[in-house]
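To start, the structure itself, in structure tokens.
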Amino acid sequence: MGKDLKGKIIDPGISQRQDGRYEARFTNRLGKRIRLYDTNLTRLKKQFYRLKDMDEDPKKEGFYITFQEWSETWLSSKKKEELRNVTIRSYATNIKLMNKYLSNYKLGKIERDNIIDVLDMLYEAGYAVKTIKGIKGQLYDIFQIAVDKQIINKNPCNNIKFKRQSREEKVKALTIEEQALFLRSMETSHYYEFVGFLLQTGLRISECLAIRWSDVDWDCKTLKIERAMVYTKVYGHYKKQFGNPKKQRSNRIIPLTDEAIKLLMSQKSKNLNVKIHDNKFDDMIFVTRSGNVPTDSNIRRIFKSKINYLHNQGYNIQNVTPHKLRHTFATRCLESGMNLKTVSTLLGHSRIELTADIYVDVQQEYAAEEIKKLQLNGLELSDEDSE
């Protein structure tokens, strides 16, 4: 039996040293002598018995480590991989969100029902289905690595399928009337050309913020997409930097409409009155009045302000985001009869199936309208033909 300095008996394997620190010792199953020291007896005992349990059965670690502790370990390992900064930031944001529900759960005690509850709570909280599915995939990887390292016995995310339908308002494109109304509301804004260009090209906002004048081929009327604006944490602060587009397929050359060319010419004239304050932005197409590159959050604030103004004026228009303008562009393309493969190429999607999944409702509506045209042309079956 171990004793403290006052002669009080402590748990076996634990004693108190002359300097006041407590010491715990044991020999693990590999024959290695383990020594632990701490000034706090309770904390030392907790660590001591945890290590002894793990030595007897490595999988018992899952009943000591919390989800928050393990998710942070998982994120640290991801930071060592060659991943884009925006991907790491997305992982970190998702982990912060998951820890609202799972932080104090012991890793080995999280069951399948706990995961389903979290996904349902996120859905009820209003998160997009795409976001929730991404979180589910991240959860699977977090637990699978714990399984591979023999920290837990099984992955609680196995065979979980999130089948909730996407909310219509999350993906609904602007109607032609709403598109025209919003564009008119931006006519007096410094960002009128930016909004118009998004509607004419369907670029992601990160791509549009990163395009340069040197990317424009005026003779061929094309635009080269080969970078995206990302935010990198440097000494605790996020700084704008240029990174690779979202996917390899996102590197592309897209044709520009006459309206898009007209908007670029207008922006070029506007930039003559802007004093560029940083050389790395001197070739950028879309800049702020002070010559900087606008941020995603700034653009969203401007959009929200315009929508609030329109609502106060009595207009019934849905909320507008940069991604909704991209969705609106794709919808207009499909409505005009453009084939799905071309739309997928313009959007920079990695797979045509992705485009099909996102815009299936638009395709169905378009098909229904085309059938009506077929009937109007007198090609529908008559009663006699059907007999």
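Just a few scattered comments:
- Virtual spin-label span in nm between Leu181 and Arg84, 7 Å along Cα→Cβ: 3.4 nm
- Nonlocal amide H pairs with Asp38, under 5 Å, H built at 1.01 Å: Tyr22
- Protection proxy ranking, highest mean first, for peptides 4-16, 130-142: 130-142, 4-16, where packing is the per-residue count of other beta-carbon atoms within 10 Å, averaged.
- Taking each of Lys96/Lys149; Lys106/Lys133; Lys221/Lys306; Lys3/Lys109; Lys240/Lys304; Lys130/Lys172 in turn, the alpha-carbon distance tops 25 angstrom for Lys221/Lys306; Lys3/Lys109.
- Accessible surface for Phe162 stands near 20 Å², nearest 10, in the context of the full protein assembly shown (1.4 Å probe).
- Spacing of the two label points (7 Å from each Cα toward its C-beta) at Lys270 and Asp19, in nm: 6.7 nm
- Nearest-10 value in Å² for the accessible area of His349, using the 1.4 Å probe: 10 Å²
- FRET efficiency, 1/(1 + (r/R0)^6) with R0 22 Å, evaluated for Lys52 and Lys8 via beta carbons: 0.50
The values are calculated or read from the model by the stated rules, or taken from the named source; none is laboratory data. Note that the structure is a prediction, hence the values are computed from the model and not measured. Backbone-built Cβ (ideal geometry, glycine too); neighbour counts: all protein chains shown. For accessibility, only protein heavy atoms count, side chains too; no ligands or nucleic acids. Shrake-Rupley method; radii C 1.70, N 1.55, O 1.52, S 1.80 Å.
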